Amino acid sequence: MTKNKVMEIILDCIENSRAAVLATVDHNGHPDMRWVTPGCVRERFDAIYIVSESHFSKVKQLTENPFATMMFQTVSLDKVITVYGKVNIITAPSILAETLECVGKHLHAFWNLKHGKRDLVVLEFLIENARFYHPLNGSIENVRFGLEES
């Protein structure tokens, strides 16, 4: 499997389910998982984008340890992709605007949170490796993003 094929499946998952699971590490070294609404920007291959508020626990955790894992699955549960990588916390207004354009309309629960002034950041998840799992036949394929040609 190629990086392009992995990204096609991820884009399909995002388009159809609008959700993924993001795992970070808390201050005690324990995994911390939560649902997120990710998006991709086609010009920025190998990256997944998430909007968050700067004071959320995931941002603090990623500041302390930028390595994370995300899991995507198709609605039919016939494909599962887990990606591993490093997350950059971006405050640039242009990247925030571009990410909000991509995922903003799908952030229903996020926009319903009652907060005062919003201090939004973008989590840029740079994919280093991916694991594709096909539950119907039990096959697993690993794809390295840093080395393979697209």
Q. Is there any pair with a first residue in segment 1-22 that is on the phi > 0 side of the Ramachandran plot and a second that is at pLDDT below 90 and in a helix (DSSP H, G or I) whose Cβ atoms are under 7 Å apart and which are 6 or more apart or on different chains, and what are they?
A. ARG18/HIS106
Q.
For segment 1-47, give me each residue that is among the small types (Gly, Ala, Ser) and touching a strand residue (DSSP E or B) at 6+ places or on another chain (Cβ under 9 Å).
A. SER17, ALA19, ALA20, ALA23, GLY39, ALA47
Q.
For segment 20-36, which positions are part of a strand (DSSP E or B) and either exposed (fewer than 15 other Cβ atoms within 10 Å of the Cβ) or of a type in the set (A, V, I, L, M) (or both)?
A. ALA20, VAL21, LEU22, ALA23, VAL25, PRO31, MET33, ARG34, TRP35, VAL36
Q: For THR37, state whether it is among the hydroxyl-bearing types (Ser, Thr, Tyr), under 13 Å from ILE127 (Cα atoms) and touching a residue at least 12 places away in the same chain (Cβ under 8 Å).
A: no
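The values are calculated or read from the model by the stated rules, or taken from the named source; none is laboratory data. Keep in mind it's a predicted model, so treat the numbers as computed, not measured. Virtual Cβ from ideal backbone geometry, glycine too; neighbours counted across all protein chains shown.
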